[in-house]
1. Ser20 versus (1) at pLDDT below 65; (2) surrounded by 11 or more Cβ atoms within 10 Å (Cβ to Cβ); (3) more than 14 Å from the chain's Cα centre (by Cα): which is the lone unmet condition?
2. Just the residues that are open to solvent by 80 Å² or more (accessible area, probe 1.4 Å) and either in contact with a helix residue (DSSP H, G or I) (Cβ under 9 Å, 6 or more places away or on another chain) or at pLDDT below 85 (or both), please, taken from the stretch 46-69.
3. Among what's in the stretch 96-146 and is in contact (Cβ under 8 Å) with a residue 60 or more places away in the chain and of a type in the set (Phe, Trp, Tyr), pick the residue that is least open to solvent (accessible area, probe 1.4 Å).
4. Please count how many residues of the stretch 26-40 are loosely packed, with under 13 Cβ neighbours inside 10 Å and assigned to a loop (DSSP other than H, G, I, E, B).
5. Does Leu74 qualify as being touching a residue at least 24 places away in the same chain (Cβ under 8 Å) and either closer than 17 Å to Ser101 by Cβ or of a type in the set (Val, Ile, Thr) (or both)?
Amino acid sequence: MHDTLVDISAGQAPRLKPFSLTHFQYQDGDHFGMLLALISLAPIFLIVSETSIILSRREMASILLLLGQLLNELFNLIIKLTIREPRPHEHLGDGYGMPSSHAQFMGFFVVYVVVYLETRVVMHQVHRRVVQAGSLVLGGLVLISR
């Protein structure tokens, strides 16, 4: 038997490690907290959406957005390793806590959307502002939730 496996028949419980990507906490009965926990998943949904758009349309703007997001994550890791700020609740994940990669991800996304719509997309001014405001609200809610 491989030495990293646990023999359950011997009465030993396997040591489990949580998949920390979705470790969000909120108080039981706090509906706003639950909403913020769900909104914290926005970066995951955005990265899946961006990847799907790239695979289906192969547009340079989408490729640059994803590349920027990935470089932003690398930059976030460098900052975390430099600052070494512990997580507020260490039992919820490995690594350092500040800056929040979710908040930084959304910050990059919001800036990209606002600048892209201002410089590259021809659309009615009201529609542009609604989309920009929506991305700002979503980014702000993720920031608050972190």
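1. (3)
2. Within the stretch 46-69, Leu64 is the sole residue that qualifies.
3. Within the stretch 96-146, the match that is least open to solvent (accessible area, probe 1.4 Å) is Phe105.
4. 4
5. Against the criterion (touching a residue at least 24 places away in the same chain (Cβ under 8 Å) and either closer than 17 Å to Ser101 by Cβ or of a type in the set (Val, Ile, Thr) (or both)), Leu74 does not qualify.
The values are calculated or read from the model by the stated rules, or taken from the named source; none is laboratory data. Here the structure is a predicted model, which is why all the values come from computation and not from measurement. Virtual Cβ from ideal backbone geometry, glycine too; neighbours counted across all protein chains shown. Heavy atoms of the whole protein, side chains included, go into the accessibility calculation; ligands, DNA and RNA do not. Shrake-Rupley method; radii C 1.70, N 1.55, O 1.52, S 1.80 Å.
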